[in-house]
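The values are calculated or read from the model by the stated rules, or taken from the named source; none is laboratory data. Every value quoted in this text rests on a predicted model; they were computed, and no experiment measured them. Please note: Cβ atoms are built from the backbone with ideal geometry, for glycine as well, and neighbour counts cover all protein chains shown. These accessible areas exclude ligands, DNA and RNA; they are computed on the full protein's heavy atoms, side chains included. Shrake-Rupley method; radii C 1.70, N 1.55, O 1.52, S 1.80 Å.
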Amino acid sequence: MRSRIREFDSSTLNESVQNTIMRDLKAVGKKFMHVLYPRKSNTLLRDWDLWGPLILCVTLALMLQRGSVDSEKDGGPQFAEVFVIVWFGAVTITLNSKLLGGNISFFQSLCVLGYCILPLTVAMLVCRLVLLAEPGPINFMVRLFVVIVMFAWSIVASTAFLADSQPPNRKALAVYPVFLFYFVISWMILTFTPQ
């Protein structure tokens, strides 16, 4: 009887909406900190969610959106294209990891790959601010430096979480698609120019 009472007390069904939202926001913030300071930890894998990756993907897609009214002639990626590239890439990497014999669940991998887009989202924000200045070679070099640093940060953060889930002789095969995934996103950020 006491175990049922404890189970009822720890249930989130009788929790207020505000408490639920604050608990989830704190969990997302903790996972952001794990990405900002990557270290080998199972916390991000154990308590996975898709709220942070969804927020980061939407933010990145909105920042990559061009500002013109006639969006068919601007030549840049549309919101849906960015969204599909991010999620299709994450699903492909997850399937690759599972096929290589990784011991990580599908949603855990999606969670890690999605949260590790945080440095690239910060890079996009910095690039948008740098693009407010006069365009030129210095402007491009600053953007290139920021994107390269944040690209490396995303790779290091994701491999810190995913490397232990792969068999030792197949780690390179699992990391290479991760490299390509973040490279494509970095390329979209670097080649972005406002109208």
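Here are some notes:
- From the list 60, 95, the lone residue that is part of a helix (DSSP H, G or I), surrounded by fewer than 21 Cβ atoms within 10 Å (Cβ to Cβ) and at pLDDT 85 or above is 95.
- Applying the criterion of being surrounded by 10 or more Cβ atoms within 10 Å (Cβ to Cβ) and assigned to a helix (DSSP H, G or I) to the residues of region 7-25, the residue that is modelled with the lowest pLDDT is 8.
- Checking each residue in region 165-175 for being touching a helix residue (DSSP H, G or I) at 6+ places or on another chain (Cβ under 9 Å) and part of a helix (DSSP H, G or I) picks out 165, 171, 173, 174, 175.
- The single residue among 69, 84 that is farther than 25 Å from residue 168 by Cβ, modelled with pLDDT under 85 and open to solvent by 50 Å² or more (accessible area, probe 1.4 Å) turns out to be 69.
- Total residues in region 102-140, condition part of a loop (DSSP other than H, G, I, E, B) and farther than 18 Å from residue 30 by Cβ: 10
- Some residue of region 99-116 being open to solvent by less than 30 Å² (accessible area, probe 1.4 Å) and farther than 22 Å from residue 32 by Cβ: yes
- Qualifying residues in region 131-152 (those that are modelled with pLDDT of 95 or more and among the aromatic types (Phe, Trp, Tyr)) - the one farthest from residue 120 (Cα to Cα): 145
- Selection from region 143-195 of residues that are surrounded by 14 or more Cβ atoms within 10 Å (Cβ to Cβ), closer than 20 Å to residue 92 by Cα and β-branched (Val, Ile, Thr): 155, 159, 175, 178, 185
- Output for region 124-139, where each listed residue is loosely packed, with under 15 Cβ neighbours inside 10 Å and not aliphatic (A, V, I, L, M): 134, 135, 136, 137
- Within region 37-54, the set of residues being open to solvent by less than 80 Å² (accessible area, probe 1.4 Å), assigned to a helix (DSSP H, G or I) and modelled with pLDDT under 85 comprises 43, 44, 45.
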